[in-house]
Amino acid sequence: MPTLESVYRILLTRRWLGLTLVVLLVIPAFVFLGRWQYGRFEERSANSERVTANIEAAPVPLERLAAPGGRVDAADRFRRVSVAGSYDPAHALVARRRPQNGRPGFYVLTPLVTADGTGVLVNRGWVPAGATADTPPAVPPPPAGQVTVTGRLRQSETTASSGIREVSGLPAGQVLLINAGSIGRQVPYRLLDGYVELISQEPAGTPAPEPVPAPDVGAGGGLNLAYAFQWWLFIGVAIGGWILLLRRELAEQRDGQRPGTPAEPEEARTPAT
């Protein structure tokens, strides 16, 4: 049984002071990293639950969630809404770099002008790219006259939220970001700061762009939860490793061996006959 004196004698060596300091430093670091990952898990889980609830909720009139010419709130992302008006094909655009099902293409953006004279940008769906990046895609025209659109409410895209950076010199009628703020400067009416991702419309257009798939809600931060427990598990590994090394060194000291020195071979300890 090792005595406290023998334990202190080992722990007060330079090598063990350094090892103990490292363990004492990594423990709070692992605690912090685990808490950070757990916070990300809670944040993503809450976002996943909110988005799922919005997707499954019954459609409501757009004006119940956003005032004419107002802004889409983050809590209403992907909420299904309905809005009536007439399309303005003269100010239609396409958004570049929008692959779908592994194919390059564009999103078709057409303003819908409502009865109060304001507008909302509608992503009518996806069309494949032309022969080259600068070839205008073939875009089915929107239905003429009054239509009622049902779709998912989305916030305007920014470089921070989408990872897409707007550039100059694009062909006429093309954009990279679906940003109603910048697009609204090109139309003679106020646009909602956000847009509607079309699910259905009455009357339906024929032909029409391919629908945009519903968003992938994901695992709700399950991977972050696993990382959090992993960091906290490392605390036990660090402490357990420190204890194991200490016990090994105490055993070597008890057997009269210097730490790190291999045991004397058996044949060397056997007297000659």
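The table below gives the values:
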{"quantity": "Identity of the residue in the stretch 244-262, surrounded by 10 or more Cβ atoms within 10 Å (Cβ to Cβ) and at pLDDT below 50, that ends up farthest from Gly18 (Cα to Cα)", "calculated": "Gln257"}
{"quantity": "Hits in the stretch 137-147 - residues which are over 11 Å from Ala208 (Cα atoms) and loosely packed, with under 14 Cβ neighbours inside 10 Å", "calculated": "Ala144, Gly145, Gln146"}
{"quantity": "Among the residues listed as Arg15, Arg9, Arg35, the single one being part of a helix (DSSP H, G or I), closer than 30 Å to Asn224 by Cα and open to solvent by 60 Å² or more (accessible area, probe 1.4 Å)", "calculated": "Arg35"}
{"quantity": "First in the stretch 182-206 and of a type outside the set (Val, Ile, Thr), second anywhere and loosely packed, with under 12 Cβ neighbours inside 10 Å and assigned to a loop (DSSP other than H, G, I, E, B), Cβ under 9 Å, 6 or more apart", "calculated": "Leu192/Ala67; Pro203/Gly145"}
{"quantity": "Test: Gly241 is more than 25 Å from Gly119 (Cβ to Cβ), small (Gly, Ala, Ser) and either surrounded by 11 or more Cβ atoms within 10 Å (Cβ to Cβ) or out of contact with any Cys (no Cβ under 8 Å at 6 or more places or on another chain) (or both)", "calculated": "yes"}
{"quantity": "The stretch 38-83: number of residues that are in a strand (DSSP E or B), surrounded by fewer than 17 Cβ atoms within 10 Å (Cβ to Cβ) and either touching a residue at least 40 places away in the same chain (Cβ under 8 Å) or in contact with a Gly (Cβ under 7 Å, 6 or more places away or on another chain) (or both)", "calculated": "1"}
{"quantity": "Breaking point among (1) over 22 Å from the mean Cα position of the chain (by Cα); (2) closer than 23 Å to Ala66 by Cβ, for Glu157", "calculated": "(1)"}
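The values are calculated or read from the model by the stated rules, or taken from the named source; none is laboratory data. A quick note: this is a predicted structure, and the numbers were derived from the prediction, not measured. Reconstructed Cβ throughout: ideal geometry from the backbone, glycine too, with neighbour counts over all protein chains shown. Remember, those area values only see protein heavy atoms, side chains included, never the ligands or the DNA or RNA. Shrake-Rupley method; radii C 1.70, N 1.55, O 1.52, S 1.80 Å.
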